[in-house]
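Colleague: Okay, handing you the structure first.
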Amino acid sequence: MEIGLIIEWLVKSLIIILAMTGGFAYLTWMERKVLARMQSRYGPNRAGPFGLFQPVADGIKLIFKEELIPGNADKLMFVLAPVMTVIPALIITAVIPWGDFSFPIGEQQISLHLANVNVGVLYILSVTSISIYGIALAGWASNNKYATMGGLRATAQMISYELAMGFSVMGPIMMAGSMGMLDIVRAQKPMWYIVLQPVAFVIFYIVSLAEVNRAPFDMPEAEQELVAGYHSEYSGMKFALFFMAEYIKMIAIAMIGSSLFLGGFQGPFVKQLPWLGPIWLFVKVVAWLFTMIWIRATLPRIRYDRLMAFGWKILFPIALLNVLVTAAIVLLIGA
């Protein structure tokens, strides 16, 4: 294997990690600002201009907070759980293409993606299913009944909604004829799949909220019932890792959804100016995140039994029906 290729992978991986961690910090700022405006408040406005240094101040505060481990906790699992939650959130975006052009550096052509694998969607579904282990272990290792309940809720919720998510992404896969993310984005050049697959898009969006434990599906950390859910016993940087994982997963799911249904890096003038591709992807991701924050400011948390019934009795059958209809249409058009 060429040393230049290894260096390229390392540099791209570092860029993705830095972008996701920096994005996490300023997504918290964006959420607090948007929620404040929607609720007639100011939001962060003290630390730096427009409160832009507030994420830095929060990070410093969490670094210096005391780390506590319950006396009867499983100490190894208690420490490993936050790491097992944040790592899948960081690596999931490895298959997301940022653009459809390459630029030369020396004798090597650098493309705007880390890994263009032909089973990119399968990779995404596999990695998203790993993060549940960290949350479940955090609840169990804490030796706290409220944390355990939060972990169990998260496990049941994420497993239930992953089925609907798997079927919702089948529509773009069948229409593009590929599981590669770059192929799916390229196939949307004439028309985005949000137009051709509106039912799959709505299901994917709803399920994505449940997968990242966002309102109105934030039952694993329902304060009124579970104190703070699976991370009740966590403090300092361990809590910060759970916090980081949730917001990084928000960014990741926005990138995945934008690539599957909103054309990814496709947009006006991209054919003439390929460097606009990453900018269009960034705009779509910000819009996706804004709507997630908007929903948090608007909808109340639903009851847990209704959450489970909604996933199994409504989303899952509709997603399955959408797959059958899409398959029939694809076969008819192909014939």
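Colleague: Taking the highest mean first, how do the peptides 247-258, 25-36 order by number of other beta carbon atoms within 10 angstrom per residue?
Modeller: Listed from highest to lowest mean packing, they are 247-258, 25-36.
Colleague: I want to make sure I understand the PRE zone here: with the label point 7 angstrom from the Cα of ALA115 toward its beta carbon, which residues in the stretch 14-34 have backbone N atoms less than 16 Å away?
Modeller: Residues 14-17 fall inside that zone.
Colleague: Work out the FRET efficiency for ALA328 and ASP305 from their Cβ-Cβ distance, taking R0 = 30 Å, and round it to the nearest 0.05.
Modeller: E(calc), rounded to 0.05, equals 0.30.
Colleague: Got a sec to turn the phi values of the stretch 249-258 into Karplus ³J(HN,Hα) couplings, 6.51 cos²θ - 1.76 cosθ + 1.60 with θ = phi - 60°, whole Hz, x for Gly and Pro?
Modeller: In residue order, the calculated couplings are 5, 4, 5, 4, 5, 5, 5, 5, x, 5 Hz.
Colleague: So, one more: Label LEU320 and TYR42 with points 7 Å out from Cα along Cα→Cβ: what is the distance between them in nm?
Modeller: Here the answer is 5.4 nm between the modelled labels.
Colleague: For TYR26, what charge total do you get from the other residues with a beta carbon under 11 Å from its beta carbon, if Lys and Arg give +1 and Asp and Glu give -1?
Modeller: Residues near TYR26 contribute +1 overall.
Colleague: I've got another one for you. Under the 0.36 nm per residue contour assumption, what length would be gained going from the current alpha-carbon distance of SER13 and LEU35 to full extension?
Modeller: Taking 0.36 nm per residue and subtracting the Cα distance, the gain is 4.7 nm.
Colleague: Taking the 0 to 90 degree range and rounding to the nearest ten, how far is the long axis of helix 276-298 tilted relative to the main principal axis of the chain, both from C-alpha atoms?
Modeller: So the helix axis and the longest Cα principal axis differ by about 40 degrees.
Colleague: What is the mean projected area of the alpha carbon convex hull for the chain, to one decimal in square nanometres?
Modeller: 19.8 nm²
Colleague: If you line up the long axis of helix 3-38 against the longest principal axis of the chain, both from Cα atoms, how many degrees apart are they, to the nearest 10?
Modeller: Helix 3-38 and the main axis of the chain meet at about 60 degrees.
Colleague: At what distance in nm do the modelled label points of LEU152 and GLU66 sit from each other, each positioned 7 Å from its Cα along Cα→Cβ?
Modeller: The two pseudo-label positions are separated by 3.1 nm.
Colleague: Give the peptides 133-139, 309-315, 41-47, 263-269 in descending order of average Cβ contacts within 10 Å, highest first.
Modeller: Order by mean packing, descending: 133-139, 263-269, 309-315, 41-47.
Colleague: In a shell of Cβ-Cβ distance under 15 Å around LEU276, excluding LEU276 itself, what net charge do Lys and Arg (+1) and Asp and Glu (-1) give?
Modeller: +2
Colleague: Could I ask something else about it? What does the convex hull of the Cα atoms come to per residue for the stretch 239-285, in Å³? It would help to have the intermediate numbers written out before the result.
Modeller: On the way: hull volume 2.7 nm³, N = 47.
It comes to 58 Å³ per residue, whole-number rounded.
Values quoted throughout were computed directly from the atomic coordinates according to the rules given, and no laboratory measurement underlies them. Bear in mind that the values here come from a model prediction, so they are computed numbers and not experimental data. Reconstructed Cβ throughout: ideal geometry from the backbone, glycine too, with neighbour counts over all protein chains shown.
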